[in-house]
Every structure is written in C-alpha cells, then in structure tokens.
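Accompanying notes for the structure given below.
The values are calculated or read from the model by the stated rules, or taken from the named source; none is laboratory data. It should be emphasised that the depicted structure is a prediction, and the values quoted were computed from it without experimental measurement. FYI the Cβ positions are ideal-geometry reconstructions off the backbone, even for glycines, and counts take in every protein chain you see. These area figures cover heavy atoms from the full protein model, side chains too; ligands, DNA and RNA do not enter into them. Shrake-Rupley method; radii C 1.70, N 1.55, O 1.52, S 1.80 Å.
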Amino acid sequence: DAIPSADQIRITTSLKSQRGSVWTKTKSIFEHWEVEVTFRVTGRGRIGADGLAIWFTEEQGLEGPVFGAADKWNGVGVFFDSFDNDGKKNNPGVIVVGNDGKLLYDHQNDGSTQALASCQRDFRNKPYPVRVKITYYQKTLTVLINNGFTPDKEDYEFCAKVEEMVLPPQGYFGISAATGGLADDHDVLSFLTFQLTEPGKEVPTPDAEIPQKDKEKYQEEFEHFQQELDKKKEEFQKEHPDVQGQPGKLFERFFTDDLFETVSDRELRQIFEGQNRIHLEIKQLNRQLDMILDEQRRYVSAVTGEIATRGTAVPGQQGQVSQQEIETVVKNQEEVIRQVNEIRNSMSDALRLITGAQHPGSAAGVYETTQHFNDIKEHLHVVKRDIEHLVQQNMPSGEKAKCPDLPPFPSCLSTVHFFVFVAVQTVLFIGYIMYR
C-alpha cells in the first residue's frame, strides 16, 4: 500500500488495515553504520494505529503482521508503536526488538516482554518532522530522537541503548508501517545511511546517484498507486449511496480542508487544550492557597487575642506559655502568610501569562509558558527552603515549638501540619507539571 512520490513516500494512508514497506534493493556490507530517518505520523484522532518500524535484517521483510513487515526476522527492528494494545498507557513509544529468525513478535503486550530497550515518546502530529538517528558501532546500538518540536535538525535526545548486540554482517535496510481499526498517515521524508569507520581506516568512496531509468520507474509506480487510490475512492462512493448524485460532495466530505484539520489548526488546538488544562489547575491551586491564607489569618487573630487576654499572666506559672514564645509564633505565622502570598502572586502571574498566550500563532508561546512554569517550580523550591530555614532559626535551642493553649478552641493547626500540607501541595503541583 506504499505510495512513492518525488519528495516523500507514504508508507500507509489513513485507511483501515493498510500495510506498506520500502526496502533497499541490495544488501549493506557495512560493519558499522548509522541511519538518519525523517518521518511524519499524522492523524485526526487522539489515538493512532498501528505504527512504524525501521529495520536492519538479513532478508527483506516484505509484507507481514509486524508493522507491515514479516515476522521471524533475523536482525533488529526499532518500532514506533502508536497503539496501546496492553492497556498500560505506555504508548506512543519506541521499542528495540532483536530477533534471530525464530521469535514471534508479542503484539498483545506491545513487545514489552521482548524489548531490549525502550523509551516513551509521542511522535504523532508534531509541528515539524520527527528525526531518528540509529547508530550501530562496535556491537552497541544507540537510538536518538528529535521530538519534532523544533526545526533544529541536530536537536537529538537519548532514547535507548543496547550493548553487546550481534547483528548480521550484511543485511537490508527497510522501513514499514501498518494501520488497523484506527489509521494514520505514515510519511517518510528521508532515509540516509552512513558507513562508520574506525579511526585510521580508509574512508569509503561514495556510491553513484540513482540512475535516471530508476527515477522514471519510480515515477511510473507513483502514478500507478495514485490510480489505485482513485479506484478505492470510487468503490467507497459506491458503498455509500447517500453521497451519490452530488458531484464533489464525497471529496468535500472526506478530503477537504474544511472538515479535515490542517497542520496549523492541529497545532493551535493542541496548544489551546494544553493551556486550558494548565489554566484550570492553576485556578484550583489559587483557591487552595486562599483557603490556607484564611486559616492562617484566623490562627494569627486567635493567638493575638490570647496575648491580649493573658498579658498579665505569671511567666512561671505551670502550663502557660511565655509572651515571648507567643510573639515568636505570631511572627512565624505572619512570615508564613507573606510567603504564601508570594506564591499566590506567582500563580496569578502565570495565570495571566497563559491567558495572554492563547492567541493564534506559532508554537513559540508553548516554550515561553514552559519556561515560565520552570521558573515557578524553582521559586516554589526557594520558598520552601526559606520557610524551613525560618522555622529552624526561630525555634529556641533545646526546645520544640508548640502551639499555645487556646481555651476557646478545641485544637489548632500546628506549624508542622501546615508545612506538611504546603509541601504535599507543592510536590503534587510540580509532579503534575512534569507529567504534562
């Protein structure tokens, strides 16, 4: 089902139950090699299927059940799995699976029982093409990935590494893809292969360019596949008579930009959805901080009233707290209120920033928002350390600070409980930001 064209190859179209693959015609004789692959995986749904695979195998995989290629391969496959078969919510992900020609791929568990290495990366519907660099050097396979958020071609991050991996000395490079009940467009923009040489060895001479005859053949194949796609559209129209007799309606209904999202529309939708979720979370945190401030204000008022009513008490009387200790507690609580106010102000600034960032434009606003939240996270850490230092500084040596006895109240909020509450809220907020 692959469709080649002048600038890319569509391994599978966004139709159900498609399989496609592209393989080199001759075996590679490189002892050490590196491939750089640029591809796009795009679809209208929030979940895609099934995924894409990059291969180095002793024989060509051709058509089969493993992401469009044959099972029981002898070599290695790097799988970009976009559908969560095992329900563990660990997809989309990148999985490295080796095979000696006897192993059957475990689809039900997304290859987790056979994976030599893996990482969780979302490669669907990115603003820029996703780039992958796979290196095999001295029995070590390394996978680096550019997540498609920036146009920088060298912005790679580590994904997976497999040591002591023995691959066939000669093999075919290939790339395949498949769709199931759900479907994505799997497009490959480039597939570059390099031979790696050890220091001191002779550098190989580059191969000649593709002959003109082969280029013409590829163009004929592209036109043939395009005709096949047109036939499928006609068959679909026959199966859906409700759109017959209305020229162009089928095309408008399923293939126009009015109903299908463009790349820019998809980027904006993703930006707005993410910012709206962050907006709601910050509003919730603001409400919680307001509750904490109210509790602290009531507590300080109660302690102040206690100082006024017990100002004439005998300092040495058993069971009473000295005025100096009560004043220390009051100062601590006022300092806590000031710090919490600073946190609330930071949350308000972030809320205003997100509200102002929600306008059509490039993806640069996302990076500014992310940077701002990183600054907030650092600020929360500083505030937490300052509060802990403040407690230790004001705590009398050899004594443990305690809450004063207030007859009108059955109990009071201790400083320890308050700090534990603030710390838990801070950890939950930072964890949510990192998760998003």
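Tabulated data
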| read-out | value |
| --- | --- |
| Inter-label distance for K89 and Q219, nm, one decimal - labels placed 7 Å from Cα along Cα-to-Cβ | 5.2 |
| For the stretch 125-200, alpha-carbon Rg over 2.2 N^0.38 Å | 1.32 |
| Lysines whose Cα lies under 20 Å from that of K153, excluding same-chain neighbours fewer than 8 positions away | K126, K133 |
| Accessible surface of the stretch 3-199, 1.4 Å probe, proportion on carbon and sulfur as whole % | 49 |
| Proximal lysines relative to K283, as straight alpha-carbon distance under 25 Å, when same-chain residues fewer than 8 apart are discounted | K377, K384 |
| Calculated Rg and Dmax of the stretch 23-119 using C-alpha coordinates, Å | 13.7, 41 |
| Largest-first principal axis extents, alpha carbons of the stretch 86-235, Å | 54, 48, 39 |
| Separation of alpha-carbon centers, the stretch 145-191 and the stretch 1-74, rounded to whole Å | 9 |
| Over the stretch 1-66, relative contact order from alpha-carbon pairs under 8 Å, at least 6 apart, % | 27 |
| Three-way shape call for the stretch 1-52 based on the alpha-carbon gyration tensor, with the a/c threshold at 1.5 | prolate |
| Tensor-based shape of the stretch 77-149 (alpha-carbon gyration tensor, a/c under 1.5 rounded, otherwise prolate or oblate) | oblate |
| Extension gain, L15 back to E163 (0.36 nm per residue minus Cα-Cα distance, nm) | 49.5 nm |
| Size-normalised alpha-carbon gyration radius of the stretch 3-199, reference 2.2 N^0.38 Å | 0.94 |
